[in-house]
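Comments concern the structure below.
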């Protein structure tokens, strides 16, 4: 919501503001790397990101389930097979993403309910993506809390990572879908909106 009351804008500033808006590209320029994109929250978030004009590296163990996104967003979407528990696939997927788009601005770790994928896989993907974010001195890492056994591990890792990366301009966000802003369980579209808002800095 825009601030109201007590603010006056000079005509020349208003003109400059309009000129700046006119110079902005029609689409957003961020690149999202989203794991577990084939269903539920991952799918909802991927579609929301692409629909607003941003670019997305769409990863899944079964990429055939998200191939339709290439047809709808050929210039914005890159679909890759990725099992986050396989380090060779993690390195290859990140390499292809950077080769295609030049960078990764937002990493969303959303893959899996099992400890291996939701913790070890999350750490491995983050470790491989981080050098690109460090070089850019910016970025967002969004870690999805996906189960009681892994929750404390992910929360602890995220807190330590946030402290380490804050001076570099890289932000770390944790999201628990079941309780995000009081949304009903399974309301993936609403949670996806919260994630985008958090990355935008609105929330």
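The values are calculated or read from the model by the stated rules, or taken from the named source; none is laboratory data. These figures come from a predicted structure and were not determined experimentally. Glycine also receives a Cβ, built like all others from the backbone with ideal geometry; neighbour counts cover every protein chain displayed.
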Checklist entry - Can you tell me which of 45, 82 is crowded, with 21+ Cβ neighbours inside 10 Å and under 15 Å from the mean Cα position of the chain (by Cα)? => result 45
Checklist entry - Among the residues of the stretch 120-127, is there at least one that is surrounded by fewer than 16 Cβ atoms within 10 Å (Cβ to Cβ), in contact (Cβ under 8 Å) with a residue 40 or more places away in the chain and outside any loop (DSSP other than H, G, I, E, B)? => result no
Checklist outcome for this item: Flagged in the stretch 91-115 as over 16 Å from the mean Cα position of the chain (by Cα) and part of a helix (DSSP H, G or I), in numbering order, are 91, 92, 95, 96, 99, 100, 115
Checklist entry - In the stretch 170-203, which residue that is modelled with pLDDT under 55 and buried (at least 16 other Cβ atoms within 10 Å of the Cβ) is nearest to the chain's Cα centre (by Cα)? => result 180
Checklist entry - Is there a residue in the stretch 91-107 that is surrounded by 13 or more Cβ atoms within 10 Å (Cβ to Cβ) and under 18 Å from residue 39 (Cα atoms)? => result yes
Checklist entry - Looking only at the stretch 36-74, which residues are touching a helix residue (DSSP H, G or I) at 6+ places or on another chain (Cβ under 6 Å) and part of a loop (DSSP other than H, G, I, E, B)? => result 36, 37, 38, 73
